[in-house]
Amino acid sequence: MRFLLFMLTLISTIPAPLFGSGEGESVFGVWLTEGGASKLEIAPCGDKACARVVWMKNSTYMNSKDGPVGTEKTDRHNPAPDLRNRPILGLQVMEGLMPEGEWWEKGSCYDPQTGKNYQCKMKLESPTALKLRGFIGFSLLGRSYTLTRELPVQVKSAQNREPRVTSP
């Protein structure tokens, strides 16, 4: 019985370093895209990572050239006609990323603005910066983006607080 408990404890602690031990050390969480137009939630999908769109600055069409004004934005550029009516909000846009050293690699990223899929990888640059690289074929032939994580309110307020002077 002790051996079984030992093995269960050992198995449950092995993945922890791969995924990060704290909020600031993990790729998982909600990330703001460059330009601030949307937020992606990166979450574990088994032993891999995936992401979905969880917030959009403008979740409805604002211009009739893009779609019917005031209606929810959909995956209208998808090459598969039967998928073009899916809402972008909630859409899975990254999948299959596996930890390999400091990078998460061998994943695919989907751009709903163009309907194109790319190979992608990502790397945690700091607790608030995530480098995402999309490419076709070779990583050198691609584009990098930096996603930012907003600090929790209590951390922000602690950093912006004036130092207090107390008397003995």
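Quick note: the coordinates plus some simple rules give every number you see, no bench work behind them. This is a predicted model, so every value here is computed, not measured. Glycine also receives a Cβ, built like all others from the backbone with ideal geometry; neighbour counts cover every protein chain displayed.
Net length available on complete extension from I136 to T71 is 20.1 nm, with 0.36 nm assigned per residue and the Cα-Cα distance removed.
Listed by chain and number, the lysines whose alpha-carbon sits under 29 Å from that of K57, ignoring those within fewer than 8 places in the same chain, are K39, K48, K65, K73, K116, K121, K123, K131, K156.
Cα centroid separation, region 41-76 to region 98-150: 18 Å.
When each of D66, D82 is scored by the number of other beta-carbon atoms lying within 10 Å, the sequence from fewest to most is D82, D66. Cβ-to-Cβ counts within 10 Å put R133, R76 in ascending order as R76, R133, the fewest first. Using 0.36 nm per residue and subtracting the Cα-Cα separation, the extra length available between T146 and T128 on full extension is 5.5 nm. With a cut-off of 9 Å between beta carbons, the residues surrounding S144 carry a summed charge of +3, where Lys and Arg count +1 and Asp and Glu -1. Within the shell defined by Cβ-Cβ distances under 11 Å, the residues around S126 carry a net charge of +1, with Lys and Arg each +1 and Asp and Glu each -1. Based on the Kirkwood approach, the hydrodynamic radius assigned to region 36-81 is 12.5 Å, with every pair of different Cα atoms included. In terms of other Cβ atoms within 10 Å, I136, I88, I42 run from fewest to most in the order I136, I88, I42. Above 21 Å, the calculated P(r) of region 21-150 contains 40 percent of its Cα-Cα pairs.
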